[in-house]
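The values are calculated or read from the model by the stated rules, or taken from the named source; none is laboratory data. Quick caveat, the model's predicted, so the values are computed rather than measured. Virtual Cβ from ideal backbone geometry, glycine too; neighbours counted across all protein chains shown. Protein only, heavy atoms only, side chains kept; ligands, DNA and RNA dropped before computing areas. Shrake-Rupley method; radii C 1.70, N 1.55, O 1.52, S 1.80 Å.
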Amino acid sequence: HNPTNQTTTPYPSGTIASIRRMPKQKRSKRSGTAAVSATAAYVSAEEELEAERAVAAALQQTGGSSSAPSSSLPTSGTEKATPALLLQQLRDPKPSRREHAAHALSALAENSTPRVLQALMLAVEREHLCPIRLLLTCVVDPSPGVQTAALRALNSLSGVHAPLADILCTPGSLSVVLSCVLRAATQLSQSTSLSPAASSDIGSSATASTSIPAAAAAAASLSSVSSSGSSRAPSPGEFTPENRVVHLPALVVRGLQLLWSLAENHEAVVELFTKEPVLEAVLPLVQPSASFPLSVSETAAEFLNVLSDHNQLLCAKVVQSPERVAFLERLLQEGHAGPHLRALSAGILWNCRAATAHSGDVCRLTLPILSDLLVAFDGYTALAQMKPSLERLHVLQEGLLFLDSEEKEERKKLTKEQLTQRNQQLEANQQERRVLIGQLGKLFEEWRGQVSAQQFALETISNMLSPDEHMHDGAVAGEAATEAAEALCGEIAHLLGSSDEFIQALHRKAAVPSAELMTACRALSIASAVVDYSSSSSFASATTDSRLSAMDDAAGYASHTVAEICFPSLQVVQQRAIACLANLLVFPTCPLLQRQSVVDALWLTYCQLCVLASDGNEVELLENSSQVLANLLRCALASETVTLPKLNREQIQFHFKLAQYKPSADVRVHGVACIGSLATHPTYRGALLELGTALLVALHDSAAPVVVEALDAIFANFDESDSDAVASKIRLIPTLQQVQKKLSTMFATRDLPADEHDRDILRDALENLTAFLAYKAGGNSQ
C-alpha cells in the first residue's frame with residue numbers, strides 16, 4: 001500500500017490519500033516457528049541431542065493422530081528416535097507406521113525451534129535422505145491416511161525450510177501432488193456424478209466436456225516425477241466406500257491447501273499453473289454437491305483466488321468463457337453455497353477485473369452480497385450464544401472427573417442398586433458430553449465459515465476503495481483513467497457510507513479493544529462484549545461491557561477452540577474492518593463525514609483504540625487505528641459541515657508520540673499526517689512552531705515514506721509568507737537544504753532503498769523539494 005500523500009506540485013495536497021490495499025489473506029498453518037533458509041555447516045552434539053528429543057516428543061504427541069499407537073515407533077531404549085530413523089519409517093511396510101511418521105514430521109516442523117530444524121536437516125543430509133522425496137512417495141501411497149498425513153507434512157516442512165520448498169516447487173513434484181488431488185476427486189465423483197450445472201456450465205465450448213479424470217491426465221503432463229518418486233501406484237479398487245467417506249474429502253482438502261500455500265509464496269508455481277490446465281481441473285471442484293463437501297469447494301475456491309490475484313492470463317481464461325462467468329455469478333447469488341464460498345466467488349470475479357475494463361460492473365454485482373455477509377452475522381453475539389453449552393460442558397467434565405476419581409474402596413461401600421445408579425449417571429453424562437461436543441464442533445465450524453467470509457469480504461471491499469485496483473492491467477495510466485478510477489471509488493464509498501446497517505456492522509466489528517477481546521476468549525466467555533448504539537444516532541461511541549464471567553480451563557476442547565481459533569479470527573476481522581473504515585474516510589463526500597454525531601463518535605472511539613494499542617504495543621491495531629485518525633482529521637478539518645473537538649496539549653503530544661513510534665513506519669507516517677493536518681487548520685496555527693519542529697524531526701527518519709509525508713506537510717504549511725517568521729525560528733530552509741543534499745547524494749551514489757516504491761516516492765520528493773526551495777528563494781513570488 002502507499003501510505004503517503006504524494007504530491008505532484010511543491011505544496012498542494014492531492015484529493016486521494018492514505019489508501020491501503022489489503023494484502024491477500026495468509027492461511028494460518030504454522031505457529032511459533034521461524035523459517036529456516038539454509039542448514040548449518042556444523043551441528044554440535046548438544047544440538048543433535050536436542051533434535052532427538054524433539055523427534056521423540058513429536059512421536060509421542062502424534063501417537064493419537066493415526067491408527068498407530070504411540071509405541072509403534074521407538075521413542076526410547078536401544079534404538080534412538082533420530083531424524084534419520086523417522087524418515088526411514090516413511091518406507092516401513094506397515095501403513096500405520098508410515099502415517100505416524102508423516103504426522104510426526106508435521107509436528108516437528110510446526111513446533112520446533114529453528115535450531116532444532118537446522119540439526120534435523122543436517123542429520124538427514126548426512127544420511128542422504130530427502131524428506132520431500134520420501135513424502136512424495138507417500139503421496140501416492142495405497143493408504144489414503146498415509147497420503148493425507150504426507151500432504152500435511154509437505155505443507156509444514158515447505159513453510160519453514162526454503163531449500164525443501166524449492167524441491168517441492170519443481171514441475172515433477174507439483175505433478176505428483178496435483179494428480180493425487182484430482183485422482184481422489186475422481187473417486188469422490190464416482191459415488192454421485194457431477195450435476196449438469198457443474199459439468200457443462202463451467203467450461204468454454206472447447207473445454208466444457210473436461211471431466212475430472214481428463215483434467216487429472218492433463219495435469220500429469222506437467223512432468224513425470226523424479227527418479228526418487230514412488231513405485232507404489234494406487235490400484236483401481238483400493239478405495240472402499242468407507243475410505244471414500246472418511247479419507248478422500250480430507251485428502252483433497254490437504255492437497256489443495258498445499259498447492260494453495262506454494263502458489264501463495266512462490267511466483268514460479270503461479271506461472272506454471274497458469275500455463276497448464278489447472279483452472280479446468282480445479283474449477284469443477286468449486287461446485288458443492290453430494291460428491292464434494294463444502295470444505296472441498298471452499299478450499300478449491302481459495303486456491304483459485306490465489307492463482308487469479310493480478311494474474312491476467314488466468315483471468316482471461318475465465319472472462320473469455322461466458323459459462324464460467326455465469327457459473328461464478330450463480331454461485332455468488334446462491335444462499336445454499338454458504339457464506340465463505342459466496343465471498344470467495346466474489347473474490348474470483350473481483351480478481352478477473354484485471355482481464356476486463358468493466359471493473360465498475362464487477363463492483364456493483366458483488367458489493368451488495370459482500371455487504372450483506374457483514375451485516376447478517378456477528379461473531380461476538382454468536383460466541384455469547386454458545387456460552388451456556390460451554391458452561392454445561394465444563395460442568396459435565398468436572399462431574400466425570402469426580403466420578404472417575406472415586407477410590408475403589410469407596411465404590412465397594414455402595415450397594416448394588418447405588419452402583420447401578422452411579423454407572424447409569426456416568427454413562428448419561430458421557431453421552432451428554434459427546435452430544436455437546438458434537439454440537440459445539442458443528443457450531444464452531446459454522447462460526448469459522450461465517451467469520452472467514454467476513455474476513456474475505458472486508459479485504460475485497462477495502463481493495464475496491466483503492467483507485468489503483470481499478471486500473472486495467474496493461475492500460476496507460478493517464479489522467480482520465482485515474483480520474484475515472486477515483487470517481488468509481490467515490491461512488492462505492494458513497495454507497496457504503498449511506499447504508500446505516502453496513503456502517504453499524506463495520507463499527508461493531510472494529511471497536512472492541514483487542515486486549516479485552518483476548519481476555520474474553522481465553523476465559524471461554526464473551527458476554528455482550530460488543531458495541532452499543534444510542535437511539536439518537538445509528539453510529540454512537542463505542543462502549544464495551546466488562547461483564548465477562550471467567551470459566552475454568554478444564555474443558556480442553558472448548559478452550560483450544562475459543563482461545564486459539566476464535567480470538568485470532570476475530571482479531572483479523574477487527575483489523576480488516578478498521579482498515580476498511582480508514583479507506584472509506586479518504587473520500588470527503590462519504591456520507592459518514594456529513595454527520596457531526598458520527599464524526600464525534602469516530603474521533604472518540606479511535607483515539608481510545610490508539611491509546612490502548614500504543615500502551616499494549618499492539619502494532620497492527622495501532623497502524624490501522626492511527627490511519628483512521630489521520631484520514632478523519634484531514635477530511636474533517638477541511639470540511640464546512642462538521643468539526644472536531646478542539647485538541648488539548650496532551651492530545652497533540654500524543655500525535656507527536658505516534659510520529660516517533662519506533663516499531664512501525666506506518667504509524668509514524670500517520671502521526672506525521674495528523675501533525676500536518678493540524679498545522680494547516682487556523683485553530684492550530686498558533687502552535688505552528690511546535691508542530692513545525694515535529695515535522696523537521698520526522699525528516700531524519702530512516703523510512704522513506706515518513707520523510708516524504710513530512711515534506712508534503714511542510715510544503716502545505718510553509719508555502720505562504722505568513723509562516724516565514726516561524727520558518728526562520730526553526731531553521732526550516734537550512735534543514736531542507738541539508739535534506740536536499742542528502743537525497744541528491746543518495747541518487748548520485750545509488751545508495752537507495754531496496755524497495756522500488758520507496759525509490760519512486762523519494763525521487764518525486766526530491767523534485768518537489770527542489771521546486772519548493774526555489775519558490776522560497778524567489779520570495780514567494782512564483
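Kindly indicate whether any position in segment 656-673 is in a helix (DSSP H, G or I), modelled with pLDDT under 85 and open to solvent by 10 Å² or more (accessible area, probe 1.4 Å). Give the steps one after another, and end with the answer.
Step one: filter segment 656-673 for residues in a helix (DSSP H, G or I), giving 656-659, 665-673.
Now drop any that are not modelled with pLDDT under 85, which leaves none.
Taking every residue of segment 656-673 in turn, none turns out to be in a helix (DSSP H, G or I), modelled with pLDDT under 85 and open to solvent by 10 Å² or more (accessible area, probe 1.4 Å).
Out of segment 470-504, which residues are within 18 Å of residue 362 (Cα to Cα), under 24 Å from the mean Cα position of the chain (by Cα) and at pLDDT 80 or above?
489, 492, 493, 496
I need the full set of residues from segment 586-629 which are within 20 Å of residue 647 (Cα to Cα), of a type in the set (A, V, I, L, M) and either open to solvent by 10 Å² or more (accessible area, probe 1.4 Å) or not in a helix (DSSP H, G or I) (or both), in order please.
Matches in segment 586-629: 604, 611, 612.
Out of 665, 694, I need the residue that is among the hydrophobic types (A, V, I, L, M, F, W, C) and more than 27 Å from residue 468 (Cβ to Cβ). Which one?
The conditions single out 694.
Checking residue 394 against (1) crowded, with 17+ Cβ neighbours inside 10 Å; (2) outside any helix (DSSP H, G or I); (3) at pLDDT below 75, which test does it fail?
Every listed condition holds for residue 394 apart from (2).
For residue 632, all conditions in the list (1) of a type in the set (A, V, I, L, M, F, W, C); (2) more than 18 Å from residue 497 (Cβ to Cβ); (3) within 35 Å of the chain's Cα centre (by Cα) hold save one; what is the number of the exception?
All conditions are met except number (2).
Within segment 718-730, which residues are loosely packed, with under 13 Cβ neighbours inside 10 Å and either small (Gly, Ala, Ser) or under 46 Å from the mean Cα position of the chain (by Cα) (or both)?
Within segment 718-730, 720, 721, 725, 728 qualify.
Taking residue 651, is it in contact (Cβ under 8 Å) with a residue 40 or more places away in the chain, in contact with a Ser or Thr (Cβ under 7 Å, 6 or more places away or on another chain) and either buried (at least 21 other Cβ atoms within 10 Å of the Cβ) or not hydrophobic (A, V, I, L, M, F, W, C) (or both)?
Spelling it out, it is not the case that residue 651 is in contact (Cβ under 8 Å) with a residue 40 or more places away in the chain, in contact with a Ser or Thr (Cβ under 7 Å, 6 or more places away or on another chain) and either buried (at least 21 other Cβ atoms within 10 Å of the Cβ) or not hydrophobic (A, V, I, L, M, F, W, C) (or both).
Of the residues that sit in segment 426-457 and are surrounded by fewer than 19 Cβ atoms within 10 Å (Cβ to Cβ) and among the β-branched types (Val, Ile, Thr), which one is farthest from residue 305 (Cα to Cα)?
Here the answer is 435.
Among the candidates 404, 372, single out the residue that is modelled with pLDDT under 80, open to solvent by 70 Å² or more (accessible area, probe 1.4 Å) and among the charged types (D, E, K, R).
404
Looking at segment 125-135, is at least one residue at pLDDT below 75 and in a helix (DSSP H, G or I)?
Within segment 125-135 (the criterion being at pLDDT below 75 and in a helix (DSSP H, G or I)), the answer is yes, since at least one residue qualifies.
Examine segment 447-458 for a residue that is modelled with pLDDT under 85 and not basic (Lys, Arg), and state whether such a residue exists. Steps first, please.
Within segment 447-458, the first condition is being modelled with pLDDT under 85, and the residues that meet it are none.
Within segment 447-458, none of the residues are modelled with pLDDT under 85 and not basic (Lys, Arg).
When the residues of segment 683-698 are narrowed to those that are of a type outside the set (A, V, I, L, M) and open to solvent by 10 Å² or more (accessible area, probe 1.4 Å), which ends up nearest to residue 710 (Cα to Cα)?
693
Among the residues of segment 345-369, which ones are of a type in the set (Val, Ile, Thr), over 21 Å from residue 506 (Cα atoms) and surrounded by fewer than 21 Cβ atoms within 10 Å (Cβ to Cβ)?
Passing the criteria: 356, 362.
Filter segment 85-111 for residues that are at pLDDT below 80 and open to solvent by 10 Å² or more (accessible area, probe 1.4 Å); which is farthest from residue 137 (Cα to Cα)?
Step by step, filter segment 85-111, then rank; the result is 111.
Within segment 308-344, count every residue that is among the aliphatic types (A, V, I, L, M), farther than 15 Å from residue 362 by Cα and open to solvent by 50 Å² or more (accessible area, probe 1.4 Å).
1
What number of residues within segment 138-155 are open to solvent by 10 Å² or more (accessible area, probe 1.4 Å) and assigned to a helix (DSSP H, G or I)?
Number satisfying all stated conditions: 3.
Can you tell me which residues in segment 570-585 are of a type in the set (S, T, N, Q) and either open to solvent by less than 20 Å² (accessible area, probe 1.4 Å) or free of Cβ contacts under 8 Å to residues at least 24 places away in the same chain (or both)?
574, 575, 583
Would you mind stating whether residue 702 is closer than 26 Å to residue 600 by Cα and of a type outside the set (Val, Ile, Thr)?
So residue 702 fails the test.
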